[in-house]
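Novice: Can you keep this structure in mind? I'll have questions shortly.
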Amino acid sequence: MIEIPPHLIHNLIKRALAEDIGHGDITTTSIVPEEKTSEGKIIAKEGLVLCGLYIAEGVFRALDRDATVSSHFKDGDTIRKGEIIAGVSCNTKALLTGERTALNIMQRLSGIATLTSRFVEQVKGTGARIVDTRKTTPMLRAFEKYAVRCGGGLNHRFGLYDAVLIKDNHIVVAGGITSAVRRVREILPHTVKIEVETKKLDEVKEAVEAKVDIIMLDNMGIDEIKKAVSFIRSTRNSQLAILIEASGNINLDNVRDVALAGVDLISVGALTHSAPAVDISLEVS
(Lines give C-alpha, C1' and ligand atoms only; values in the text may rest on other atoms or scores of the structure.)
Protein backbone atom coordinates (compact mmCIF):
# COMPACT_ATOMS: atom_id res chain seq x y z
CA MET A 1 0.00 0.00 0.00
CA ILE A 2 1.43 3.39 -1.03
CA GLU A 3 1.07 5.73 1.94
CA ILE A 4 0.66 9.49 2.07
CA PRO A 5 3.81 11.65 2.26
CA PRO A 6 4.52 12.50 5.94
CA HIS A 7 4.64 16.26 5.36
CA LEU A 8 1.05 16.22 4.04
CA ILE A 9 -0.11 14.33 7.11
CA HIS A 10 1.70 16.76 9.40
CA ASN A 11 0.15 19.75 7.67
CA LEU A 12 -3.35 18.28 7.74
CA ILE A 13 -3.16 17.46 11.44
CA LYS A 14 -1.71 20.85 12.31
CA ARG A 15 -4.39 22.77 10.40
CA ALA A 16 -7.27 20.54 11.48
CA LEU A 17 -6.38 20.86 15.16
CA ALA A 18 -5.89 24.61 14.85
CA GLU A 19 -9.32 24.91 13.24
CA ASP A 20 -11.01 22.99 16.05
CA ILE A 21 -9.04 24.12 19.09
CA GLY A 22 -8.51 27.76 18.23
CA HIS A 23 -7.35 29.52 21.43
CA GLY A 24 -8.04 26.41 23.50
CA ASP A 25 -10.52 23.64 24.37
CA ILE A 26 -12.41 25.57 27.03
CA THR A 27 -14.66 22.66 28.00
CA THR A 28 -11.90 20.10 28.53
CA THR A 29 -9.59 22.62 30.20
CA SER A 30 -12.33 23.49 32.71
CA ILE A 31 -13.15 19.90 33.61
CA VAL A 32 -10.04 17.71 33.30
CA PRO A 33 -7.03 17.81 35.68
CA GLU A 34 -3.73 18.53 33.92
CA GLU A 35 -1.96 15.24 34.71
CA LYS A 36 -4.89 12.85 34.32
CA THR A 37 -4.50 10.01 31.81
CA SER A 38 -7.21 7.86 30.26
CA GLU A 39 -7.80 5.08 27.81
CA GLY A 40 -10.28 5.07 24.98
CA LYS A 41 -11.65 2.60 22.48
CA ILE A 42 -12.31 3.50 18.85
CA ILE A 43 -15.36 1.47 17.82
CA ALA A 44 -16.95 0.74 14.45
CA LYS A 45 -20.66 1.50 14.68
CA GLU A 46 -21.24 -0.08 11.26
CA GLY A 47 -19.42 -2.40 8.88
CA LEU A 48 -16.65 -0.58 7.04
CA VAL A 49 -13.32 -0.68 5.26
CA LEU A 50 -10.78 1.04 7.48
CA CYS A 51 -8.77 4.04 6.33
CA GLY A 52 -6.93 6.77 8.21
CA LEU A 53 -6.00 4.91 11.40
CA TYR A 54 -2.36 5.97 11.36
CA ILE A 55 -3.40 9.56 10.64
CA ALA A 56 -5.72 9.50 13.66
CA GLU A 57 -2.82 8.18 15.69
CA GLY A 58 -0.83 11.22 14.58
CA VAL A 59 -3.59 13.49 15.88
CA PHE A 60 -3.27 12.14 19.41
CA ARG A 61 0.52 12.18 19.30
CA ALA A 62 0.47 15.81 18.15
CA LEU A 63 -1.29 16.62 21.44
CA ASP A 64 0.58 14.11 23.63
CA ARG A 65 3.87 12.77 22.31
CA ASP A 66 3.57 9.80 24.67
CA ALA A 67 0.18 8.75 23.32
CA THR A 68 -0.10 5.14 22.18
CA VAL A 69 -2.59 3.68 19.72
CA SER A 70 -2.78 -0.09 19.56
CA SER A 71 -4.66 -2.13 16.98
CA HIS A 72 -4.49 -5.45 15.19
CA PHE A 73 -6.18 -3.82 12.19
CA LYS A 74 -4.55 -1.81 9.41
CA ASP A 75 -5.83 0.48 6.70
CA GLY A 76 -7.65 -1.53 4.05
CA ASP A 77 -9.02 -4.12 6.49
CA THR A 78 -12.72 -4.91 6.60
CA ILE A 79 -14.21 -4.34 10.05
CA ARG A 80 -17.55 -5.56 11.33
CA LYS A 81 -20.08 -3.49 13.22
CA GLY A 82 -19.26 -3.36 16.92
CA GLU A 83 -15.59 -4.30 16.60
CA ILE A 84 -12.98 -2.30 18.46
CA ILE A 85 -10.76 -0.70 15.83
CA ALA A 86 -8.07 0.50 18.21
CA GLY A 87 -7.26 1.39 21.77
CA VAL A 88 -5.87 4.82 22.68
CA SER A 89 -3.93 5.63 25.82
CA CYS A 90 -2.79 9.19 26.55
CA ASN A 91 -3.25 12.35 28.57
CA THR A 92 -6.99 12.80 29.08
CA LYS A 93 -7.00 16.36 27.81
CA ALA A 94 -5.25 15.24 24.61
CA LEU A 95 -7.70 12.37 24.22
CA LEU A 96 -10.80 14.57 24.52
CA THR A 97 -9.40 17.48 22.54
CA GLY A 98 -8.22 15.31 19.66
CA GLU A 99 -11.24 13.02 19.57
CA ARG A 100 -13.33 14.82 16.96
CA THR A 101 -10.46 15.62 14.60
CA ALA A 102 -9.24 12.01 14.69
CA LEU A 103 -12.72 10.61 14.15
CA ASN A 104 -13.56 13.08 11.37
CA ILE A 105 -10.51 11.97 9.41
CA MET A 106 -11.22 8.28 9.92
CA GLN A 107 -14.93 8.59 9.17
CA ARG A 108 -14.37 10.50 5.94
CA LEU A 109 -11.55 8.32 4.60
CA SER A 110 -13.14 5.05 5.71
CA GLY A 111 -16.35 6.17 3.99
CA ILE A 112 -14.49 6.55 0.71
CA ALA A 113 -12.71 3.21 1.17
CA THR A 114 -15.99 1.49 2.02
CA LEU A 115 -17.85 2.86 -1.00
CA THR A 116 -14.93 2.01 -3.27
CA SER A 117 -14.91 -1.56 -2.01
CA ARG A 118 -18.58 -1.91 -2.95
CA PHE A 119 -17.87 -0.80 -6.51
CA VAL A 120 -14.87 -3.15 -6.70
CA GLU A 121 -17.01 -6.04 -5.50
CA GLN A 122 -19.66 -5.29 -8.13
CA VAL A 123 -17.17 -5.68 -11.01
CA LYS A 124 -15.35 -8.68 -9.58
CA GLY A 125 -14.52 -11.25 -12.25
CA THR A 126 -15.12 -8.92 -15.20
CA GLY A 127 -11.56 -7.73 -15.74
CA ALA A 128 -12.59 -4.09 -15.35
CA ARG A 129 -10.89 -1.92 -12.74
CA ILE A 130 -12.45 0.87 -10.68
CA VAL A 131 -10.58 4.18 -10.69
CA ASP A 132 -11.16 7.57 -9.11
CA THR A 133 -11.24 11.09 -10.60
CA ARG A 134 -10.06 14.61 -9.71
CA LYS A 135 -13.46 15.32 -8.09
CA THR A 136 -11.90 15.53 -4.66
CA THR A 137 -12.06 17.90 -1.70
CA PRO A 138 -9.57 20.74 -2.27
CA MET A 139 -6.30 20.12 -0.39
CA LEU A 140 -7.37 16.59 0.58
CA ARG A 141 -6.77 14.86 -2.75
CA ALA A 142 -3.80 12.75 -1.63
CA PHE A 143 -5.80 11.50 1.37
CA GLU A 144 -8.96 10.72 -0.60
CA LYS A 145 -7.06 8.96 -3.36
CA TYR A 146 -5.24 6.94 -0.70
CA ALA A 147 -8.64 5.94 0.66
CA VAL A 148 -9.68 4.74 -2.81
CA ARG A 149 -6.64 2.44 -2.85
CA CYS A 150 -7.52 1.17 0.63
CA GLY A 151 -10.92 0.19 -0.82
CA GLY A 152 -9.33 -1.78 -3.65
CA GLY A 153 -9.64 0.86 -6.37
CA LEU A 154 -6.94 2.49 -8.47
CA ASN A 155 -5.97 6.10 -8.96
CA HIS A 156 -6.51 8.10 -12.14
CA ARG A 157 -4.21 11.10 -12.63
CA PHE A 158 -3.41 13.07 -9.49
CA GLY A 159 -3.53 16.46 -11.19
CA LEU A 160 -3.24 18.37 -14.41
CA TYR A 161 0.51 17.81 -14.38
CA ASP A 162 0.92 14.03 -14.61
CA ALA A 163 -1.17 12.94 -17.61
CA VAL A 164 -2.89 14.35 -20.68
CA LEU A 165 -6.67 14.15 -20.70
CA ILE A 166 -8.22 15.97 -23.64
CA LYS A 167 -11.79 16.75 -22.61
CA ASP A 168 -14.76 18.16 -24.51
CA ASN A 169 -13.86 21.81 -23.95
CA HIS A 170 -10.28 21.21 -25.08
CA ILE A 171 -11.66 19.62 -28.24
CA VAL A 172 -13.91 22.61 -28.91
CA VAL A 173 -11.05 25.09 -28.43
CA ALA A 174 -8.64 23.04 -30.55
CA GLY A 175 -11.15 22.53 -33.34
CA GLY A 176 -11.38 18.75 -33.03
CA ILE A 177 -9.74 15.66 -31.55
CA THR A 178 -7.15 15.32 -34.31
CA SER A 179 -5.99 18.88 -33.90
CA ALA A 180 -5.89 18.64 -30.11
CA VAL A 181 -3.80 15.46 -30.18
CA ARG A 182 -1.43 16.91 -32.75
CA ARG A 183 -0.83 19.99 -30.60
CA VAL A 184 -0.06 17.85 -27.56
CA ARG A 185 2.43 15.76 -29.51
CA GLU A 186 4.17 18.87 -30.80
CA ILE A 187 4.93 19.92 -27.22
CA LEU A 188 5.20 16.82 -25.03
CA PRO A 189 7.55 13.81 -25.31
CA HIS A 190 6.37 10.43 -26.55
CA THR A 191 6.60 9.03 -23.00
CA VAL A 192 3.48 10.93 -21.93
CA LYS A 193 0.24 9.01 -22.40
CA ILE A 194 -2.64 10.75 -24.12
CA GLU A 195 -6.28 10.16 -23.18
CA VAL A 196 -9.24 11.58 -25.06
CA GLU A 197 -12.81 11.97 -23.84
CA THR A 198 -15.44 10.91 -26.38
CA LYS A 199 -19.22 11.13 -26.29
CA LYS A 200 -20.22 9.41 -29.54
CA LEU A 201 -18.92 6.79 -31.96
CA ASP A 202 -17.65 9.30 -34.52
CA GLU A 203 -15.39 10.78 -31.86
CA VAL A 204 -14.22 7.30 -30.86
CA LYS A 205 -13.21 6.61 -34.46
CA GLU A 206 -11.33 9.91 -34.68
CA ALA A 207 -9.50 9.14 -31.44
CA VAL A 208 -8.50 5.71 -32.74
CA GLU A 209 -7.20 7.25 -35.96
CA ALA A 210 -5.19 9.73 -33.87
CA LYS A 211 -3.55 6.73 -32.12
CA VAL A 212 -4.20 7.87 -28.58
CA ASP A 213 -3.35 5.66 -25.62
CA ILE A 214 -6.66 5.77 -23.73
CA ILE A 215 -10.19 6.50 -24.91
CA MET A 216 -12.79 7.59 -22.39
CA LEU A 217 -16.40 6.74 -23.23
CA ASP A 218 -18.23 9.51 -21.41
CA ASN A 219 -21.91 9.29 -20.51
CA MET A 220 -22.64 6.59 -23.09
CA GLY A 221 -25.42 4.04 -22.75
CA ILE A 222 -24.60 0.34 -22.52
CA ASP A 223 -25.36 -0.30 -26.20
CA GLU A 224 -23.17 2.64 -27.24
CA ILE A 225 -20.36 1.39 -25.01
CA LYS A 226 -20.55 -2.08 -26.56
CA LYS A 227 -20.36 -0.63 -30.08
CA ALA A 228 -17.41 1.57 -29.15
CA VAL A 229 -15.59 -1.29 -27.44
CA SER A 230 -16.16 -3.55 -30.44
CA PHE A 231 -14.76 -0.93 -32.80
CA ILE A 232 -11.72 -0.19 -30.65
CA ARG A 233 -10.98 -3.86 -30.07
CA SER A 234 -11.12 -4.52 -33.82
CA THR A 235 -8.33 -1.97 -34.34
CA ARG A 236 -5.99 -3.34 -31.66
CA ASN A 237 -2.68 -4.80 -32.72
CA SER A 238 0.86 -4.91 -31.37
CA GLN A 239 1.38 -1.25 -32.27
CA LEU A 240 -2.00 0.02 -31.07
CA ALA A 241 -3.17 -1.16 -27.65
CA ILE A 242 -5.77 1.35 -26.55
CA LEU A 243 -7.14 1.24 -23.02
CA ILE A 244 -10.88 1.85 -22.79
CA GLU A 245 -12.35 3.83 -19.91
CA ALA A 246 -16.02 4.36 -19.16
CA SER A 247 -17.18 7.36 -17.16
CA GLY A 248 -20.28 9.35 -16.29
CA ASN A 249 -23.48 8.48 -14.39
CA ILE A 250 -22.06 5.22 -13.12
CA ASN A 251 -23.49 3.85 -9.89
CA LEU A 252 -23.68 0.59 -7.93
CA ASP A 253 -26.76 -0.47 -9.89
CA ASN A 254 -25.25 -0.20 -13.37
CA VAL A 255 -21.49 -0.53 -12.86
CA ARG A 256 -21.45 -4.29 -13.48
CA ASP A 257 -23.30 -3.88 -16.78
CA VAL A 258 -20.71 -1.29 -17.81
CA ALA A 259 -17.91 -3.66 -16.85
CA LEU A 260 -19.46 -6.53 -18.79
CA ALA A 261 -19.59 -4.30 -21.87
CA GLY A 262 -15.85 -4.88 -22.11
CA VAL A 263 -14.13 -1.73 -20.82
CA ASP A 264 -10.79 -1.82 -19.03
CA LEU A 265 -11.35 1.04 -16.58
CA ILE A 266 -14.41 2.56 -14.95
CA SER A 267 -13.90 5.99 -13.40
CA VAL A 268 -16.37 6.96 -10.69
CA GLY A 269 -16.42 10.50 -9.34
CA ALA A 270 -18.82 9.49 -6.58
CA LEU A 271 -16.05 7.58 -4.81
CA THR A 272 -14.69 10.87 -3.52
CA HIS A 273 -17.36 13.51 -4.04
CA SER A 274 -20.35 11.59 -2.67
CA ALA A 275 -19.10 8.92 -0.28
CA PRO A 276 -21.00 9.10 3.02
CA ALA A 277 -18.90 9.15 6.17
CA VAL A 278 -19.08 5.93 8.18
CA ASP A 279 -20.03 5.86 11.85
CA ILE A 280 -17.06 5.53 14.19
CA SER A 281 -17.04 6.50 17.87
CA LEU A 282 -14.56 6.83 20.71
CA GLU A 283 -15.50 5.70 24.21
CA VAL A 284 -13.37 6.78 27.14
CA SER A 285 -12.90 4.51 30.14
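The values are calculated or read from the model by the stated rules, or taken from the named source; none is laboratory data. If you're wondering where the values come from, they're calculated on a predicted model, not measured in any experiment. Every residue, glycine among them, receives a Cβ derived from its backbone with ideal geometry; neighbour counts consider all protein chains shown. Remember, those area values only see protein heavy atoms, side chains included, never the ligands or the DNA or RNA. Shrake-Rupley method; radii C 1.70, N 1.55, O 1.52, S 1.80 Å.
Novice: Report, to the nearest 10°, how far helix 53-63 tilts away from the longest principal axis of the Cα atoms in the chain, using its own Cα long axis and a range of 0 to 90°.
Specialist: Long axis of 53-63 versus the principal axis of the chain: about 40 degrees.
Novice: OK, next. With a 1.4 Å probe and all protein chains in place, put Glu245, Glu203, Glu3 in order of accessible area, largest first. Show your work: numbers first, answer last.
Specialist: Working: Glu245 0, Glu203 45, Glu3 110 Å².
Result, largest first: Glu3, Glu203, Glu245.
Novice: What are the extents of the Cα atoms of the stretch 35-137 along their three principal axes, in Å, largest first?
Specialist: 57, 29, 18
Novice: Leu252 to Arg233: extension gain in nm, 0.36 nm per residue of separation minus the Cα-Cα distance? Mind showing how you got there, number by number?
Specialist: Details: separation 19, 0.36 × 19 = 6.84 nm, distance 2.59 nm.
That pair, Leu252 and Arg233, stretches by 4.2 nm at full extension.
Novice: So what's the angle, to the nearest 10 degrees on a 0 to 90 scale, between helix 6-21 and the longest Cα principal axis of the chain?
Specialist: The angle comes out near 60 degrees.
Novice: Accessible area per residue, 1.4 Å probe, Å², for the stretch 139-195: what's the number? Can you show the working numbers first?
Specialist: Working: 3200 Å² over 57 residues.
Accessible surface, normalised per residue, equals 56 Å².
Novice: At 4 °C and 1.567 mPa s, what whole-number value in µm²/s does Stokes-Einstein give for the translational diffusion of the stretch 84-140, with Rh from the Kirkwood sum over Cα pairs?
Specialist: Numbers: Rh = 14.3 Å.
It comes out at roughly 91 µm²/s.
Novice: Next question, about the same structure. In whole angstrom, note down how far apart the Cα centers of the stretch 188-230 and the stretch 34-70 are.
Specialist: After rounding, the separation between the Cα centres reads 46 Å.
Novice: To continue, here is another question. If you roll a 1.4 Å probe over the chain with all protein chains in place, what percent of the accessible area is carbon or sulfur? Display every interim value, and only then the final one.
Specialist: Details: 7750 of 14800 Å².
That share works out to 52 percent.
Novice: Turning to a different aspect of this structure: Roughly what percent of Cα-Cα pairs across the chain reach past 24 Å? Can you show the working numbers first?
Specialist: Values: 23113 of 40470 pairs.
Above the 24 Å cut-off, the chain has 57 percent of its Cα pairs.
Novice: In the chain, what percentage of the DSSP-assigned beta bridges are antiparallel, given to the nearest 5? Could the numbers behind the result be given before it?
Specialist: Working: 18 of 37 bridges.
That works out to approximately 50 percent antiparallel.
Novice: Moving on to the next point. Once you measure Cβ to Cβ distances between cysteines in the chain, which Cys have no partner under 4.7 Å?
Specialist: By the Cβ distance rule, which asks for a partner under 4.7 Å, the isolated cysteines are Cys90.
Novice: If the viscosity is 1.567 mPa s and the temperature 4 °C, what translational diffusion coefficient in µm²/s does Stokes-Einstein give for the stretch 1-72 when Rh comes from Kirkwood over Cα pairs?
Specialist: Numbers: Rh = 14.5 Å.
Using the Kirkwood radius from Cα pairs, D works out to 89 µm²/s.
Novice: Now, a different point. To the nearest 10 degrees, how steep is helix 222-235 against the longest Cα principal axis of the chain, on a 0 to 90 scale?
Specialist: 60
Novice: Separate question: Can you compute the helix-only [θ] at 222 nm over the chain? Use -39500 (n - 2.57) per DSSP H run of at least 4 residues, normalise by all residues, nearest 500 deg cm²/dmol. Let's see the in-between values first.
Specialist: Working: 11 runs with 125 residues, N = 285.
Counting only the DSSP helices, I get -13500 deg cm²/dmol.
Novice: Same structure, new question: Expressed in nm to one decimal, what extension gain is obtained for the pair Glu35 and Asp279 from 0.36 nm per residue of sequence separation less their Cα-Cα distance? Could you put the intermediate results ahead of the total?
Specialist: Details: separation 244, 0.36 × 244 = 87.84 nm, distance 3.06 nm.
Gain on stretching Glu35 to Asp279: 84.8 nm.
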